[in-house]
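Only one structure is covered here, and it is reproduced in the block below.
The values are calculated or read from the model by the stated rules, or taken from the named source; none is laboratory data. These numbers were taken from a predicted model, which means no experiment stands behind them. Cβ placement follows ideal geometry from the backbone for every residue including glycine, while neighbour counts extend to all protein chains displayed. To get the accessible areas, we keep the full protein, side chains included, count just its heavy atoms, and leave off ligands, DNA and RNA. Shrake-Rupley method; radii C 1.70, N 1.55, O 1.52, S 1.80 Å.
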Amino acid sequence: MAGRIEGKVALVTGGASGVGRATVELFVAEGARVVFTDLNVDAGESLAAALGARTCFIRQDAASAADWDRVSSAVLERFGRLDILVNNAGILLKGSIEEATLDDWQRLMRVNADSVFLGCKAGVALMKDHGGSIINMSSIAGIAAKEDYAAYGASKAAIAGLTRAVAAQCRKGKYRIRCNSIHPDGIMTPMTAASYPKGIDPARFTIDADPMNRACLPEDVAAAILFLAEDGSRAVNGIELRVDSGQFVMSI
């Protein structure tokens, strides 16, 4: 039985760990050939070796225009086209408007927002002749206010706004490129688990343990990304897909 994205070529940024890694693994299992990038070379090369010839790892600073030019050329050289782009690379910094510094703000905007801007430009250029799907990783913090993540929330809100603009441009240009944003909340990645106090089992705080808990697993977010990547969602364009265990609706 063919996979849900059989024969498609995908590019995933921040693909060496967390949601990015889960997405790369799922895409390969569903029949795609995957180029993935990260700054963590050891983790990236290890994953590529484990997954085999259907993958290619490239070191990339996703906020660098020169790196995007290099990665775009590598995708075309290796696979000849691009069908799916997942702009996943990003960082998390805590801080209210009183606590966050200008350096925090600028770093978050560069890594989280500039990277997606550059990725969308590259993705549209690579897909405009044959179509495709761009999926941008935002956050529930980009929709709902989180006072202790002021700059982070703003960087993720910028991604949501950019996503809508790209979706509108591609439809107006009749490119057959869809662009959607994903808005998770409380993903239990190794980085998140490490932040819990010593002696506390992070698994207690996932929706597996209690449906009122907020934390889902990277695989849950990857499944939503796969839906937006496949042809079955061809009429879904310009949306903000919340993957937050109902956190947003519980807060309004």
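Residues in segment 199-237 that are closer than 18 Å to ILE140 by Cβ and over 15 Å from the mean Cα position of the chain (by Cα): PHE205, THR206, ILE207, PRO211, MET212, ASN213, ARG214, ALA215, CYS216. Among the residues making up segment 233-252, those that are assigned to a helix (DSSP H, G or I) and open to solvent by 70 Å² or more (accessible area, probe 1.4 Å) are VAL249, MET250. Within the option set LEU228, LEU162, being under 28 Å from ALA2 (Cβ atoms), aliphatic (A, V, I, L, M) and not in a loop (DSSP other than H, G, I, E, B) holds for one residue only, LEU228. Quick check, is LYS128 open to solvent by 40 Å² or more (accessible area, probe 1.4 Å) and at pLDDT below 95? So LYS128 fails the test.
The number of residues in segment 93-108 that are among the hydrophobic types (A, V, I, L, M, F, W, C) and surrounded by fewer than 17 Cβ atoms within 10 Å (Cβ to Cβ) comes to 2.
Within the span defined as segment 203-210, every residue fails to be outside any helix (DSSP H, G or I), open to solvent by less than 60 Å² (accessible area, probe 1.4 Å) and under 24 Å from LYS121 (Cα atoms).
Within segment 102-157, being among the basic types (Lys, Arg) and either in a helix (DSSP H, G or I) or on the phi > 0 side of the Ramachandran plot (or both) holds for ARG107, ARG110, LYS121, LYS156. Tell me, please, whether a residue that is within 16 Å of the chain's Cα centre (by Cα), assigned to a strand (DSSP E or B) and among the aliphatic types (A, V, I, L, M) can be found in segment 175-198. Looking for residues that are within 16 Å of the chain's Cα centre (by Cα), assigned to a strand (DSSP E or B) and among the aliphatic types (A, V, I, L, M), one finds at least one in segment 175-198, hence yes. Taking the criterion of being at positive phi and open to solvent by 20 Å² or more (accessible area, probe 1.4 Å), would at least one residue in segment 169-176 satisfy it? Scanning segment 169-176 turns up at least one residue that is at positive phi and open to solvent by 20 Å² or more (accessible area, probe 1.4 Å).
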